[in-house]
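Here is the structure we will look at.
The values are calculated or read from the model by the stated rules, or taken from the named source; none is laboratory data. Quantities reported herein were computed from a predicted structural model and do not represent experimental measurements. Positions of Cβ are generated from backbone atoms using ideal geometry, with glycine treated the same way; all protein chains shown enter the neighbour counts. Heavy atoms of the whole protein, side chains included, go into the accessibility calculation; ligands, DNA and RNA do not. Shrake-Rupley method; radii C 1.70, N 1.55, O 1.52, S 1.80 Å.
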Amino acid sequence: ARFLSRGHRGLKPYYYGHVHSQDEQALRDFNLRGWMESWVRLAALLRSNPRIKGSMGVGWLCDPALVKISPHLAYIHTIPIENGGAMFSLGPCGPEGIRDATNKSETRRRLYEQGEYTPTDYVVIWPRKAVIAWADRAIQMGMDALEVTEAPRFAARPRPQTDGAAPQTTPAPLD
């Protein structure tokens, strides 16, 4: 409540992101770099639409349990949270969310079936000033300089270039 009272005055209007996990074509850029590029574009949209308060995402992909269960997906919530955003639990997923959370990952499916993982919906709210500040740093440093450190920490810092190879941009599926 304190987060929402600090100048946000409600949940509208926010840009709302969505991942349709059943559309393989839509998932081709579902990786850290794809999300970072998307967030930089989001900042440009926020600059051109000052009435929009920021970005909001809802679903099991925002669940902090993914840091341990599926650490390769943790950036989806940790980058916004570590850069001025806030996260709130909405409770366990319904049947569709459970299907999506367990469909592409043997680990999540097994843990769910063993009662060790309950897919949970979270909302992540990233205020406009924080999104724009993050994007400005990303652009200033170059997208390739944003390096993932130990989960769940993500830091914007120069990455040493050893072989001149381009950064890995292979999609990281929802598994």
### Query
For segment 26-102, rounded, prolate or oblate, judged on the Cα gyration tensor with a ≥ b ≥ c (square roots of eigenvalues), a/c < 1.5 rounded, else prolate if a/b > b/c?
prolate
### Query
Roughly speaking, to the nearest percent, how much of segment 28-109's 1.4 Å accessible area is carbon and sulfur?
56 percent
### Task
Read phi for every residue in segment 68-79 and hand back ³J(HN,Hα) as whole Hz from Karplus 6.51 cos²θ - 1.76 cosθ + 1.60, θ = phi - 60°, with x for Gly and Pro.
8, 7, 9, x, 5, 9, 4, 4, 4, 10, 6, 4
### Task
Based on the mean of other Cβ atoms within 10 Å per residue, sort peptides 87-94, 73-80 so the most packed one is first.
73-80, 87-94
### Query
How many nm separate the modelled label positions at Asn49 and Glu116, each set 7 Å beyond the Cα in the direction of the Cβ?
4.2 nm
### Message
Starting from the 7 Å offset along Cα-to-Cβ, what nm value, one decimal, do you get for the label separation of Gln25 and Val67?
### Response
3.7 nm
### Summary
Computed ³J(HN,Hα) along segment 53-64: with the Karplus parameters 6.51/-1.76/1.60, θ = phi - 60°, integer Hz and x for glycine or proline, the list is 7, x, 10, 9, x, 9, x, 5, 5, 8, 5, x
### Query
Ile52's amide H: which non-local residues (gap 5+, or another chain) put their own amide H closer than 5 Å, with H modeled 1.01 Å from N in plane and none for Pro or chain starts?
none
